[in-house]
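The values are calculated or read from the model by the stated rules, or taken from the named source; none is laboratory data. The model shown is predicted, which means the values in this text are computed figures rather than measured ones. All Cβ positions, even for glycine, are placed from backbone atoms using ideal geometry, and neighbour counts span all protein chains on display. Accessible surface is based on the protein model in full, side chains and every heavy atom, while ligands, DNA and RNA are left aside. Shrake-Rupley method; radii C 1.70, N 1.55, O 1.52, S 1.80 Å.
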Amino acid sequence: MQKDRMMRDRNGSTLRIAVQSNGRLTSYSLDLLRGIGLEFEDYERRLFVRCRNFDVELLFLRDDDIPEYVSDGVTDLGIVGLNVVREQEADLAEMVPLGFGYCTLTLAVPKGSPVASPPDLAGTRIATTHPRSLQRYLAAQEIDADIIELHGGAEIAPSLDVADAICDLVSTGTTLRMHDLRRIGDVWDSQAWLVANPDLESEPDRAALVRRLRARLDGLLTARRLKYVTLNAPAEALPRIREILPGMRSPTVVPLADTGMVAVHAAAQEEVFWEAMERLKEAGATEILVLPVEKVMR
Ligand code: PRT
Ligand code: ZN
């Protein structure tokens, strides 16, 4: 069996990271791994890829296999949707939400259905790709309905009269609209997570490398939220500017040649929206620049 062979072929110190081989999470996952400094070749059609600059190998799998391979220790880390982890009730150390692959497990019914909210689902047939998650939800809400398990295409089940409602992942909502389905409630939200084998600490070399990569990952994810803001303003506008950008920590304030004017430089721990920039301008700021931050270490 392939999985057993992969387990036997494990080299003691090499850290393995599982990534979806070909799907929605693949390019985001690889960008993220490159973003924390891993260097590797094009991965296409290969199961394993070794990193050039770290004792790390990437393992490309179907997303459904990732939780099991991580919990069994075939791979130490994996990048997978929280929905898959929840559905499989896998035994994993859940580590870091990664900020991509967002979706919601949603309940929907045909537009003309009398069902208005989840309690009305009692006595109906619900087609789903996530039967265990749906079952837990229905039990918690004390709704008695029939679950019809499908491996895809739940959205067409009502029109085939296979089901009265569906419970499926939704991101943009286009699929629901295309099939004349109406959202009546959400089960939970999901995004991609970095997950780990719970016994990782028993391998000190790999655990040390994971701590190092974790610190880089935290830095990358923090940097994505951080913005570097520079602006010029009258010195007396400074308190007002700090009110508008509360996430700005101890800004550098430099007097300008023009009397009473200062230049302000600071990292803002928040998204700086157009509205905030307009308010800064009203407060007297000019030459407002908002720059992305690439990396951070504290
Ligand atoms: O081959 P493999 O098994 O690896 O891939 P897969 O086909 O099972 O998964 P894939 O690549 O479609 O999705 C991988 C992961 O992306 C999922 O496990 C989720 O964590 C995440 N994700 C994010 C989504 C969606 N958004 C999503 N919209 N997964 C599926 N969908 C489907 C949904 O099931 C529905 O059919 O897209 C349709 C709805 O999309 P909208 O945009 O029309 O609302
Ligand atoms: Zn899958």
Notebook entry, point to check: Between R182 and T259, what is the label-to-label distance in nm when each label sits 7 Å out along the Cα-to-Cβ direction?
Noted result: 6.9
Checklist line | Backbone N within region 77-91 under 20 Å of label point (7 Å from A207 Cα along the Cβ vector) | finding: 77-78, 91
Margin query: If you scale each eigenvalue of the Cα gyration tensor by 5 and take the root, what three semi-axes come out for the chain, rounded to whole angstrom and sorted largest first?
Written below: 42, 32, 15
Notebook entry, point to check: For the chain, modelled as a Gaussian network with Cα springs under 10 Å, which listed residue fluctuates most, F60, F273, F40?
Noted result: F273
Item checked: Phi-based couplings in Hz for region 280-292 (Karplus 6.51, -1.76, 1.60; Gly and Pro marked x) -> 4, 5, 4, 6, x, 6, 9, 6, 7, 10, 10, 10, x
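Placing +1 at every Lys and Arg Cβ and -1 at every Asp and Glu Cβ, with all other atoms neutral, what dipole size does the chain have around its Cα centre, in debye to the nearest 20? Mind showing how you got there, number by number?
Values: 35 positive and 46 negative charges, 185 e Å.
Dipole of the chain, to the nearest 20 debye: 880 debye.
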Next item on the list: Enter the accessible area per residue of region 226-292 (Å², integer; probe 1.4 Å; all protein chains in place).
Entry: 60
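Skip the ligands, DNA and RNA, and give the accessible area per residue of region 104-211 with a 1.4 Å probe, whole Å². It would help to have the intermediate numbers written out before the result.
Working: 5510 Å² over 108 residues.
Heavy-atom SASA per residue in region 104-211 reads 51 Å².
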Item checked: region 117-139 and region 1-51: distance between their alpha carbon centers, rounded to Å -> 35
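Given 0.36 nm per residue, what is the gain on full extension from E287 to S250 after removing their alpha carbon distance, in nm? All intermediate terms of the calculation are to be shown ahead of the outcome.
Numbers: separation 37, 0.36 × 37 = 13.32 nm, distance 1.97 nm.
Taking 0.36 nm per residue and subtracting the Cα distance, the gain is 11.3 nm.
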Check: Full extension from Q269 to R132: what is 0.36 nm times the residue separation minus their Cα-Cα distance, to one decimal in nm?
Finding: 45.5 nm
Notebook entry, point to check: Rounded to the nearest 0.05, what FRET efficiency do S117 and L160 have when you use their Cβ-Cβ distance and R0 = 25 Å?
Noted result: 0.55
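Out of the total accessible area of the chain (probe 1.4 Å, heavy atoms of protein only), what percent is carbon and sulfur?
On the way: 7840 of 15900 Å².
The value for the chain is 49 percent carbon and sulfur by accessible area.
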Checklist line | Candidate aspartates and glutamates - alpha carbon under 17 Å from K227, same-chain residues fewer than 8 apart omitted | finding: D218, E243, E270, E271, E275, E278, E287, E294
Notebook entry, point to check: Which angle between 0 and 90 degrees, to the nearest 10, do you get for helix 131-141 versus the longest principal axis of the chain when only C-alpha atoms count?
Noted result: 80
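Could you tell me what % of all Cα pairs in region 148-298 have separations over 23 Å? All intermediate terms of the calculation are to be shown ahead of the outcome.
Numbers: 7063 of 11325 pairs.
So the portion of pairs separated by more than 23 Å is 62 percent.
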Checklist line | Tilt relative to the chain, helix 204-225 - C-alpha long axis, 0 to 90 degrees, to 10 | finding: 60
Margin query: I need the P(r) histogram for region 226-292: all alpha carbon pairs, bin width 10 Å from 0 out to the longest distance, whole percents.
Written below: 24, 62, 14, 0
Notebook entry, point to check: Taking square-rooted eigenvalues a ≥ b ≥ c of the alpha carbon gyration tensor, is region 110-206 rounded, prolate or oblate, where a/c under 1.5 means rounded and, failing that, a/b exceeding b/c means prolate?
Noted result: prolate
Note to self: With just the Cα atoms defining each centre, how far is region 52-105 from region 190-261? Give it in Å.
What the structure shows: 26
Margin query: Among I184, I17, I66, which one shows the highest mean-square fluctuation when the chain is modelled as a Gaussian network with alpha-carbon springs under 10 Å?
Written below: I184
Note to self: Whole percent per 10 Å bin, from 0 to the bin with the longest distance: what is P(r) over all C-alpha pairs of region 129-185?
What the structure shows: 22, 56, 22, 0
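Taking square-rooted eigenvalues a ≥ b ≥ c of the alpha carbon gyration tensor, is region 8-65 rounded, prolate or oblate, where a/c under 1.5 means rounded and, failing that, a/b exceeding b/c means prolate?
Details: a/c = 1.86, a/b = 1.18, b/c = 1.58.
Judged from the Cα gyration tensor, region 8-65 comes out oblate (a/c at least 1.5, b/c at or above a/b).
Among 44-55, 2-13, what's the highest-first ranking by average C-beta atoms within 10 angstrom per residue?
On the way: 44-55: 12.9, 2-13: 11.2.
The most tightly packed comes first, giving 44-55, 2-13.
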Check: Among S133, I143, W188, whose Cα lies farthest out toward the positive end of the dipole of region 103-190, if unit charges sit on the beta carbon of Lys, Arg (+1) and Asp, Glu (-1)?
Finding: W188
Notebook entry, point to check: With no solvent and one point on each alpha carbon, what is the Debye value of log10 I(q)/I(0) for region 114-155 at q = 0.16, 0.21, 0.25, 0.29 Å⁻¹?
Noted result: -0.38, -0.64, -0.87, -1.07
Check: Taking the simple approach of a point 7 Å from Cα along Cα-to-Cβ for both E41 and D146, what is their distance in nm?
Finding: 5.4
Note to self: Could you tell me which residue out of I241, P251, L291 lies farthest along the dipole of region 226-292 toward its positive end? Charges go on the beta carbon: Lys and Arg +1, Asp and Glu -1, centred on the Cα centre.
What the structure shows: P251
